[in-house]
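**Q** Take this structure, written in structure tokens, and hold onto it; I'll ask about it next.
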Number of protein chains: 2
Amino acid sequence: MLSEGMADLTFERVAKAAGVSKTTLYKWWQSLGALALDGYFHAVHTTLSFADTGDVREDLRDQLHHHRRVMAGPGGHALLELIGAAQTDPDLARAYRALYSSGRRELAYQRLTRAKEQGQIRENVDVRVLVDQLWGAVYHRSLIPDEPVTPEFIDALVDNLFDGIRPPERKP
Amino acid sequence: MLSEGMADLTFERVAKAAGVSKTTLYKWWQSLGALALDGYFHAVHTTLSFADTGDVREDLRDQLHHHRRVMAGPGGHALLELIGAAQTDPDLARAYRALYSSGRRELAYQRLTRAKEQGQIRENVDVRVLVDQLWGAVYHRSLIPDEPVTPEFIDALVDNLFDGIRPPERKP
């Protein structure tokens, strides 16, 4: 999935590569989507992990640049296809959330909550919303590509959110 | 589409309701998706228009609450299905951008640019990125519903972006 996307992914190929029977695979994963998502979650775990250097802003920026690169590859394209198919396939939608997105959200919540405890994010901010304003914004441009996902876009996401878009107040 | 979604939308029904032949419809819209998106763009034009009261923050908040309500209805669900199908249908993806999303983006850019000219948004902010951090965040939660799109979520999107999520600097 990471190197070729979803097109040629089959239970047959995975069974052969893993040296197990298709029956064994079916026992654990009821659909190709579930199998792909579970594998993908673990495959990107290290690449998309969150550093904790003590500077949440730079740690997020760093992770988001990695995320951008993963999303630009075949694995990212496969993910967009699965999100697409999930819109009319409730089983796949459930699998997507259970095996991929809710786990990714949880990891982001942990890093953001730690930053809040360290006083790097305002007390009254709901960290769950930040996931949609950072990674969600990347998914939005990926799913509806009116504008490209560039490194400058990633930096702007972080800067807008941390600094705020209001002009600085003038000293009286 | 606004009252029933995509499921029972056909060229036949639209031709009957409009009192024109199917041939006439096909001449203007090559696919049901294109027909639906063109109609939808015009149908929501008034509901999703941007006020200009001079306070961009409140104008955006207001528009985003309208957007939330539209997205929660059958029209919004139809839109999510079309985004989904567009992931594996390049013609539909092109139609989606040409007939819907690029036009909606343009209207947002105009309102945000005016706010920038009035000094309500920082000079160095790329207004194109704000679309992904506001409406894009709503699409993200709608397409991958790990978390609900509540009125509180809408308010948080605006507040986070305008105020910034950094804690206020302590006076020395």
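**Q** Separation of the range A:15-82 and the range A:91-106 by C-alpha centroid, Å?
**A** Computed from Cα coordinates, the inter-centre distance equals 11 Å.
**Q** Give me the net charge for the shell around residue B:165: Cβ to Cβ below 12 angstrom, other residues only, Lys and Arg +1, Asp and Glu -1. Working shown, then result.
**A** Values: positive: A:57, A:116, A:122, B:166; negative: A:123, A:126, A:159, A:163, B:159, B:163.
Net charge around residue B:165: -2.
**Q** Turning to a different aspect of this structure: Taking just the alpha carbons, could you work out the radius of gyration and Dmax for chain B, both in angstroms?
**A** 18.5, 74
**Q** Which chain A residue sits with its beta carbon nearest the axis carrying A onto B, and how many Å away is it, rounded to a whole number?
**A** That would be A:164, 1, residue then distance in Å.
**Q** Between copies, how far apart are the residue B:58 label points? List them in nm, one decimal, shortest first, with each point 7 Å from Cα toward Cβ, please?
**A** Spacings between copies for this position, smallest first, are 4.1 nm.
**Q** Along the range B:26-34, what does the Karplus equation 6.51 cos²θ - 1.76 cosθ + 1.60 (θ = phi - 60°) give for ³J(HN,Hα), rounded to whole Hz, x for Gly and Pro?
**A** For the range B:26-34, the Karplus-derived couplings read 4, 5, 8, 10, 6, 9, 4, x, 5 Hz, x marking Gly and Pro.
**Q** Now for a different question. Out of B:36, B:14, B:135, whose Cα points farthest toward the positive end of the dipole of the range B:11-163 (charges: +1 Lys, Arg; -1 Asp, Glu; placed on Cβ)?
**A** B:14
**Q** What does the structure give for B:86-92 when I average, per residue, the other chain Cβ atoms found within 10 Å of the residue Cβ? Walk me through the numbers before you get to the answer.
**A** On the way: counts 6, 13, 6, 1, 0, 0, 0.
Average neighbour count from other chains, rounded to a whole number: 4.
**Q** Right, another one. Find every distance from the label point of residue B:106 to the corresponding label point in the other copies (7 Å from Cα along Cα→Cβ) and write them in nm, one decimal, shortest first.
**A** 4.5
**Q** What average count of beta carbons from other chains do you get within 10 Å of the Cβ of residues in A:116-124? Don't jump to the answer; show the numbers that get you there.
**A** Details: counts 2, 0, 0, 2, 3, 5, 8, 1, 5.
Mean shielding by partner chains, rounded to a whole number: 3.
**Q** Right, here's the next one. Taking the Cα atoms of the range A:81-172 alone, what are Rg (to one decimal) and Dmax (as a whole number) in Å?
**A** 16.4, 59
**Q** Now for a different question. For a paramagnetic label modelled at 7 Å from the Cα of residue B:2 toward its Cβ, which residues of the range B:61-83 fall within the zone defined by backbone nitrogen distances under 15 Å?
**A** B:66-79
**Q** Something else about it: Any idea what the residue B:47 label distances to the other copies are, label 7 Å down the Cα→Cβ vector, nm, shortest first?
**A** From this label point to the equivalent ones elsewhere in the assembly: 3.9 nm.
**Q** While we're here: At a Förster radius of 25 Å, what calculated FRET efficiency corresponds to the Cβ-Cβ distance of residue B:41 and residue B:126, to the nearest 0.05?
**A** On the way: r = 24 Å, r/R0 = 0.98.
So, using R0 = 25 Å, E works out to roughly 0.55.
**Q** Name the residue farthest towards the positive end of the dipole of the range A:37-163 from the options A:50, A:100, A:113, assuming +1 on Cβ of Lys and Arg, -1 on Cβ of Asp and Glu, about the Cα centre.
**A** Value: A:100.
**Q** Right, something else. On the principal axes of its Cα set, how long, how wide and how thick is the protein assembly as shown? Give whole Å, largest value first.
**A** Each principal axis gives a Cα extent; for the protein assembly as shown these are 65, 62, 29 Å.
**Q** To the nearest 0.05, what FRET efficiency results for residue B:10 and residue A:109 with a Förster distance of 51 Å applied to their C-beta separation? It would help to have the intermediate numbers written out before the result.
**A** On the way: r = 44 Å, r/R0 = 0.86.
Efficiency, rounded to the nearest 0.05: 0.70.
**Q** Please find, in a Gaussian network model of chain B (springs between Cα atoms separated by less than 10 Å), the residue of B:15, B:95, B:36 whose mean-square fluctuation is greatest.
**A** Highest fluctuation of the listed residues: B:15.
**Q** Let me have the relative contact order for the range B:11-163, percent, based on Cα pairs under 8 Å that are six or more residues apart.
**A** On the way: 100 pairs, mean separation 37.3, N = 153.
Computed over the range B:11-163, the figure is 24 percent.
**Q** Could you tell me which of rounded, prolate or oblate describes the range B:1-63, using a ≥ b ≥ c as the square roots of the eigenvalues of the alpha-carbon gyration tensor, with rounded for a/c under 1.5 and, failing that, prolate when a/b is larger than b/c and oblate otherwise? Each step should come with its number before you reach the end.
**A** Numbers: a/c = 3.56, a/b = 2.82, b/c = 1.26.
Since a/c reaches 1.5 and a/b is larger than b/c, the shape of the range B:1-63 is classed as prolate.
Throughout, read-outs are computed from the coordinates displayed, never taken from laboratory work. Quick caveat: nothing in here was measured; it's all calculated off a predicted structure. Positions of Cβ are backbone-derived with ideal geometry, glycine not excepted, and every protein chain shown enters the neighbour counts.
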